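Okay, so here's the structure we're looking at.
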Amino acid sequence: MGVNAFRKSIDDLIFNVSRVIGPDDGFDTVYDGWRLSTTGNSAWAWVRGMEFDYRQQLTFLSGWLNRFGVFANLTLLETKGNYSTPDGSVTSEIPGFVPRMINAGVSYSGKNLSVRVLAQHQGERLSAWDERTKEAWRYTEESTTVDIISSLRVSKRFSLFMNISNLFEDSPVQYQARPNQPQTVSRTSRRFDFGLRGSL
């Protein structure tokens, strides 16, 4: 088991900027109402956090059960930054930083078969920022994905594999300013990869 604490200072922070083009933005009027997505790097920020990590092979169990292992880690972040707004305000919401992330899983490692089940949870986070108004800030809902990675050795040189990504088809919604204003709604299907690996 491990615990880590850290703090980082960032100058010229690169972040996503997304806004609707208006008549005062310097574009041709034909583009009024279009959404402009770009990046900026005129800000500073700092981030501090804690990381907790736990891993254990269950060797104390008897028989085939001792081939199982478990792991989990938790990352908690606190951020603050200045986006060079006219009033020089400082905010605790920084685009691209996930305030809470959890990874956990179970593994099995047998003579010929190996399987890993991995889960990742990401807390709600700020995805894109607009310097003109907080009402245009875009957020991504919290999300949890589960993946399965497996491999079966059929000979000394060859093995079969099958991986499943996003098992439960988690599809977080991206919204603007508040959850009742969805901006992007999409469905992410599960993905299957399978085949034969070999070495000469």
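The values are calculated or read from the model by the stated rules, or taken from the named source; none is laboratory data. These figures come from a predicted structure and were not determined experimentally. Every residue, glycine as well, gets a Cβ built from its backbone with ideal geometry; the counts of neighbours run over all protein chains shown.
Condition test on Gly33, is it modelled with pLDDT under 80 and either among the hydroxyl-bearing types (Ser, Thr, Tyr) or surrounded by fewer than 14 Cβ atoms within 10 Å (Cβ to Cβ) (or both)? I'd like the intermediate steps shown before the answer.
Details: modelled with pLDDT under 80: yes; either among the hydroxyl-bearing types (Ser, Thr, Tyr) or surrounded by fewer than 14 Cβ atoms within 10 Å (Cβ to Cβ) (or both): yes.
The answer is yes for Gly33.
Taken over segment 57-79, the residue count meeting the criterion of being in a strand (DSSP E or B) and hydroxyl-bearing (Ser, Thr, Tyr) is 2. The strands (runs of 3 or more DSSP E) falling completely within segment 94-181 that include 3 or more residues that are surrounded by fewer than 17 Cβ atoms within 10 Å (Cβ to Cβ) map to 100-109, 113-122, 143-153, 158-165.
Here is a yes/no grid of residues against (1) touching a residue at least 12 places away in the same chain (Cβ under 8 Å); (2) within 25 Å of Arg190 (Cα to Cα); (3) of a type outside the set (S, T, N, Q):
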position	(1), (2), (3)
Trp129	yes, no, yes
Lys134	yes, no, yes
Thr145	yes, yes, no
Ser150	yes, yes, no
Ser155	no, no, no
Phe158	yes, no, yes
Met162	yes, yes, yes
Ser165	yes, yes, no
Phe168	yes, yes, yes
